[in-house]
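To start, the structure under review is shown below, and the notes come after it.
The values are calculated or read from the model by the stated rules, or taken from the named source; none is laboratory data. Here the structure is a predicted model, which means the values were calculated and not measured. Cβ sites come from the backbone with ideal geometry, for glycine too, and all protein chains shown count toward neighbours.
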Ligand code: NAP
């Protein structure tokens, strides 16, 4: 960034805690000007510091045009590990616009002694497995994923999401609208109160509160594996590493052509 007269514009593709943390960490750096992008899925999102734009770009072509028009110098894809379409679009568009891309992706979870995990490749496999593991299920896979369990009549479901679920839903479903962070003791109380037999989660990484609570209660967990990253992806596991990549003088610190 040395010798540059105006701040380098960085696009953070957000919708995650890490996206917000990175925007806050960049705010005091005078050589960086951050724009955070949110998909617009939630009606009252927690907004990141600095400039924010909301809504899709219109596919790869729309994002490529945006990067060129806004003279974006670097992109950090800080979307959720399961937002695979956005990550694929970011990869294609940043290559087309010749803008460096970093994928900020927190590590997935690791099984601990005492855990009873069943790793599955997708939601459909999770749904098939559930009746063998218990009747009362706590679903924490997000509201867009609940339809995958609509046909599982053998189970009763408690689902937790920020917004109400839509689409086909299980016949026996209780919806809990809530937003984290959650604590281990709170999660344990919830699992006990609803007499949960099995927890279902995506391997999102981050807070282990619900996994710790499930371990303490000896409950099985169905863990949906992450979609693969694009080949040759440039990945940072932490906000600190992403910030380092963005710092003036780093490989990413270049002006767009
Ligand atoms: P997705 O399937 O990967 O993306 C679908 C489309 O939504 C994209 O093609 C893009 O539309 C738009 N989009 C997604 N993220 C965007 C962003 N940050 N800014 C602008 N447009 C965005 O995404 P998703 O799984 O529905 O997730 C949507 C958002 O929720 C993401 O930002 C993600 O970080 C957050 N989130 C997702 C999950 C999850 O489990 N999937 C969990 C927590 C939070 P265009 O093609 O029109 O550009």
What are the residue pairs meeting all of these: first residue in segment 127-156, first residue at positive phi, second residue more than 13 Å from the ligand (Cβ to nearest atom) and modelled with pLDDT of 95 or more, Cβ atoms under 6 Å, and 6 or more apart or on different chains? 134/197; 134/198
Please find, within segment 126-146, the residue that is farthest from the ligand (Cβ to nearest atom) out of those that are in contact with a strand residue (DSSP E or B) (Cβ under 8 Å, 6 or more places away or on another chain) and in a helix (DSSP H, G or I). 133
Exclusive hit being in contact (Cβ under 8 Å) with a residue 12 or more places away in the chain and surrounded by 19 or more Cβ atoms within 10 Å (Cβ to Cβ), set 246, 229: 246
Check on residue 81, surrounded by 15 or more Cβ atoms within 10 Å (Cβ to Cβ) and closer than 18 Å to residue 141 by Cα: yes
I want to confirm something. Restricting to segment 88-121 and keeping residues that are more than 30 Å from residue 221 (Cα to Cα) and part of a helix (DSSP H, G or I), which single residue is farthest from the ligand (Cβ to nearest atom)? 95
Mind checking whether some residue in segment 124-147 is under 23 Å from the mean Cα position of the chain (by Cα), surrounded by fewer than 14 Cβ atoms within 10 Å (Cβ to Cβ) and under 30 Å from residue 232 (Cβ atoms)? yes
Go over the candidates 231, 170 one by one and state the one that is in a loop (DSSP other than H, G, I, E, B) and under 17 Å from residue 102 (Cβ atoms). 231
Scanning segment 195-226 for residues that are surrounded by fewer than 16 Cβ atoms within 10 Å (Cβ to Cβ) and either assigned to a strand (DSSP E or B) or over 22 Å from the mean Cα position of the chain (by Cα) (or both) gives 195, 216, 217, 218
Subset tally (residues that are in contact with a strand residue (DSSP E or B) (Cβ under 7 Å, 6 or more places away or on another chain) and either within 13 Å of the ligand (Cβ to nearest atom) or on the phi > 0 side of the Ramachandran plot (or both)) for segment 22-50: 10
Hey, residue 98 hits all of (1) surrounded by fewer than 15 Cβ atoms within 10 Å (Cβ to Cβ); (2) in contact (Cβ under 8 Å) with a residue 40 or more places away in the chain; (3) within 21 Å of the chain's Cα centre (by Cα) but one; which does it fall short on? (3)
